[in-house]
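Data first, discussion second: the structure below is written as structure tokens.
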């Protein structure tokens with residue numbers, strides 16, 4: 001498992017988990033039933049994501065792993081659209097693109 | 001304690017607070033980790049952080065962050081509020097330069113400008129989807 005590819009897959013996976021964890025928190029915030037269950041699931045997923053990401057850092061250079069972490073913004077937006085039926089207008093898509101590029105640049109090594 | 005983020009002003013306050021708490025959490029984490037020997041493994045690092053007195057503060061910050069974030073999500077789209085908290089990339093970078101003497105090169109400055117532009121664009125979109133109670137039941 002100690003190849004960079006495995007590390008990259010772990011980072012992508014942890015970004016996807018972050019997206020789903022945020023959806024769980026959102027559901028807990030707005031639903032009137034099962035608020036505690038969604039909150040608990042969200043927190044468990046965040047902890048799991050942190051462990052996965054730490055695992056990825058062992059096989060991946062920080063200068064690769066940190067910029068890839070910006071993918072979590074993409075995951076959150078896609079899951080918000082698919083699972084929460086939020087409307088993503090053009091401004092939001094463009095903003096997302098800029099944020100992902102910017103976050104990747106900031107998080108990368110100089 | 002009743003806190004309502006339904007007004008635009010309170011929503012902005014909530015998202016700003018989320019960004020600030022995120023920044024403080026990350027910097028505290030960095031500070032805790034920086035005190036560890038550089039050859040420490042993952043489990044040693046985690047153990048070391050847990051034994052820092054500052055860890056209590058860090059835990060409190062995380063709890064506040066969660067509580068505040070749940071309040072924000074009651075009134076804003078997830079795809080609106082979450083991208084805006086990417087401002088913490090900017091604040092962490094700037095504060096790291098001040099506190100830890102980290103160097104900010106041209107690439108990072110370009111990144112900061114992209115993040116700021118992106119956040120501005122997202123903030124121009126509607127904070128809450130119309131005809132949308134938030135989720136499918």
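FYI, it's all coordinate maths here, none of it is from the lab. Just so it is clear, the model here is predicted, and its values are computed rather than measured. Here Cβ is always computed from backbone atoms with ideal geometry, including for glycine, and neighbour counts include all displayed protein chains.
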Please compute the modelled spin-label separation between residue B:46 and residue A:9, points set 7 Å along Cα→Cβ, answer in nm with one decimal. 2.2 nm
Rank the residues B:107, A:77, A:64 as a footprinting-exposure proxy: fewest other Cβ atoms within 10 Å of their Cβ go first. B:107, A:64, A:77
Set the Förster radius R0 to 45 Å, insert the Cβ-Cβ distance between residue B:109 and residue A:82 as r into 1/(1 + (r/R0)^6), and round the FRET efficiency to 0.05. 0.80
Per residue and in Å³, how big is the convex hull formed by the alpha-carbon atoms of the protein assembly as shown? 136 Å³
Ranked B:8, A:85, criterion: other C-beta atoms within 10 Å, fewest first: B:8, A:85
Tell me the angle of helix B:87-100 to the major Cα principal axis of chain B, expressed in degrees between 0 and 90 and rounded to the nearest ten. 20 degrees
Pairwise label distance in nanometres, residue B:94 with residue B:124, each label 7 Å out on the Cα-Cβ vector: 2.2 nm
Angle between the Cα long axis of helix A:90-107 and the longest principal axis of chain A, 0 to 90 degrees, nearest 10? 40 degrees
Number of partner chain Cβ atoms within 10 Å, mean per residue of A:54-62: 1
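Could you tell me how many cubic angstrom of Cα convex hull volume segment A:1-55 has per residue?
Considering the Cα atoms of segment A:1-55, their hull volume per residue is 53 Å³.
Quick check on chain B: what are the equivalent-ellipsoid semi-axes from the Cα gyration tensor, as sqrt(5λ), descending, whole Å?
31, 21, 12
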Report the relative contact order of chain B, percent, no decimals, based on alpha-carbon pairs under 8 angstrom and at least 6 residues apart. 31 percent
Between 0 and 90°, nearest 10: helix A:4-30 axis offset from chain A longest Cα axis: 20 degrees
Of the convex hull drawn through the C-alpha atoms of segment A:33-110, the volume per residue in Å³ is 94 Å³
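How crowded by other chains is B:103-116, given as the mean number of beta carbons from other chains within 10 Å of each beta carbon? Don't jump to the answer; show the numbers that get you there.
Working: counts 1, 2, 3, 2, 5, 7, 2, 4, 10, 4, 3, 10, 11, 3.
What the average comes to for B:103-116 is 5.
Using helices alone, I'd like the mean residue ellipticity at 222 nm for chain A: each DSSP H run of four-plus residues gives -39500 (n - 2.57), total over residue count, nearest 500.
Helix contribution divided over all residues of chain A: -28000 deg cm²/dmol.
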Could you sort A:98-104, A:55-61, B:53-59 so that the peptide with the highest average Cβ count within 10 Å comes first and the rest follow in order? A:98-104, A:55-61, B:53-59
Given contacts defined as C-alpha pairs under 8 Å and at least six residues apart, what's the relative contact order of chain A, whole-number percent? 35 percent
